[in-house]
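First the structure, in the form of C-alpha cells, and then the observations on it.
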Amino acid sequence: MRAIWKGAVSFGLVSIAVKLYSATEEKDIRFHQVHRTDGGRIKYKRTCSVDGEEVTYDDIAKGYDIGGGEMVILTDEDFSELPLTTSRAIDVLQFVPADEIDPIMFAKAYYLEPEGQAAKPYVLLRDALRDADRVAIVKIAIRQREQLATLRVRDDVLVLNTMLWPDEVRGVDFGFLDEDIETRPAELAMASSLIDSMAGSFKPDEFTDNYRAALQEVIDAKVEGREVVAPEEADEEPAAAVDLMAALKASVERAKAARGETSAKPAKKTAKRAAKKSA
C-alpha cells in the first residue's frame, strides 16, 4: 500500500506521527470508451463554451455559479488563504461511545501506521481507546477539505473513518409516515418467526459479487475466444402470495427448508386463527 497522507495525531500534549492508507478498495471492473470498429480510445478535449478554444490545465480555474449566468472565479491563491488549521494534523476533539454515532454518517475508512519513533504513543492511544470502549472524534483535512472523523481500533490498528457533516445527511419526507398504518399481532408474530428462522452470524467471506464474477467470465471468454454460455436460472419466481400473512408464513417455511430444518411446531391458536381468517 502507498501512503496518501502524512501528519500527526494530536492527543492532548502528545503528538503521534502517522501515515494514512486507504483501508478499502472498489473491485468494480472498469472499462474504457473505445471506437467500436477499431478499438481506438476515445479522447475528450477541454474546450471553452464561450470562444470554443481548447484550454490547457494552466488556464483552468474553479468557478462558482451564483445564478443568472454569473460566475465567481476562484484561483489557487484564494484557496491557499483558507483557514485549514488541521492541514497536517488529526486533532482529537473528544471521546464518545461508538453506539452514539449513526452509521449513516460514515464515509470512507483509512488505516493509520505509526511513523518513526511514534510506535509507543501509537500503541498507548490504541490500548487506551480499547480499554475505554470509546472512539475518538477528530478533525482532519484531506485533499483541501476539512472532514469530521472517528478513530477506533480494528485488528490492533487505528482506523480513521471520515464522516459526513450533519447538514450532508438528508432528511426523509415520505407520505406513508403520515398514514395510520397498523400491523396485526399475528402478522408481527409471523414476521418475528421469519427473522428467527433467518438469523445467523455475519461472516463477510460467505458473500460474493456474482455479477462481477459473471462479467469477468465473459471477459475471459472473449480473451480465450471460446463461446459464452449463459447459465440457466436455478430458482423460479415465487407465486404471488394471497396476503401479507401468507407471504410471511411461506417465507418462514422456505427459510427453514433451506436450512434443512423440519416443519416448525404449530403456531399459537391466535396466529393460526388469524391466518385462516385472512386467507
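We did not get these values from a lab; they are worked out from the coordinates using the rules stated. None of these values were measured; they are calculated from a predicted model. Positions of Cβ are generated from backbone atoms using ideal geometry, with glycine treated the same way; all protein chains shown enter the neighbour counts.
What net charge do the residues around V55 carry, taking every other residue with its C-beta under 11 Å from that of V55, with Lys and Arg at +1 and Asp and Glu at -1?
-3
Which residue fluctuates most in the GNM of the chain (Cα springs below 10 Å): P166, P185, P121?
Judging by the Gaussian network model, the answer is P185.
What angle, in degrees between 0 and 90 and rounded to the nearest 10, separates the Cα long axis of helix 210-224 from the longest principal axis of the Cα atoms of the chain?
The answer is roughly 70 degrees.
Magnitude of the Cβ-charge dipole of the chain, K/R +1 and D/E -1, about the Cα centre, nearest 20 debye?
1340 debye
Grab the beta carbon distance between E182 and A132, set R0 = 45 Å, and tell me the FRET efficiency rounded to 0.05.
It comes to 0.55.
If I take R0 = 45 Å and measure r between the Cβ atoms of I29 and E70 in this structure, what FRET efficiency does the formula 1/(1 + (r/R0)^6) give, to the nearest 0.05?
0.60
Using a 10 Å Cβ count of at most 14 others and DSSP loop calls, identify the longest part of the chain lacking such GluC sites (Glu not before Pro).
Segment 82-178 is the longest.
For the stretch 32-96, give the magnitude of the charge dipole about the Cα centre (Cβ charges: +1 Lys/Arg, -1 Asp/Glu; no others), in debye to the nearest 20.
For this selection, approximately 580 debye.
Run through the stretch 1-57 and list the chymotrypsin sites (Phe, Trp or Tyr not before Pro) located in a DSSP loop whose Cβ has at most 12 other Cβ atoms within 10 Å.
When the chymotrypsin sites (Phe, Trp or Tyr not before Pro) of the stretch 1-57 are filtered for loop state and at most 12 Cβ neighbours within 10 Å, F31, Y44 remain.
Tell me the net charge near Y111. Cut-off is 14 Å between Cβ atoms, Y111 excluded, with +1 for each Lys or Arg and -1 for each Asp or Glu.
+2
Separation between the Q117 and D38 pseudo-spin-labels, each 7 Å from Cα along Cα→Cβ, expressed in nm?
Each label point lies 7 Å from its Cα, and together they span 6.3 nm.
Pull out a ≥ b ≥ c, the square roots of the eigenvalues of the alpha-carbon gyration tensor of the stretch 75-190, then state rounded if a/c is under 1.5, prolate if not and a/b is larger than b/c, and oblate in the remaining case.
Judged from the Cα gyration tensor, the stretch 75-190 comes out oblate (a/c at least 1.5, b/c at or above a/b).
How far apart, in nm, are two points set 7 Å out from the Cα along the Cα-to-Cβ line at D243 and at L82?
Each label point is offset 7 Å from its Cα along the Cβ direction, giving 5.8 nm.
Calculate, in nm to one decimal, what E253 and V218 gain on full extension: separation in residues at 0.36 nm each, minus their alpha carbon distance.
Gain in length upon complete extension: 9.0 nm.
Using a Cα-Cα cut-off of under 17 Å, which aspartates and glutamates could be cross-linked to K62, ignoring same-chain neighbours fewer than 8 residues away?
E54, E70, D76, E77, D78, E81
From Cα pairs below 8 angstrom and at least 6 apart in sequence, can you work out the relative contact order of the chain, rounded to a whole percent?
In percent, rounded to a whole number, it is 15.
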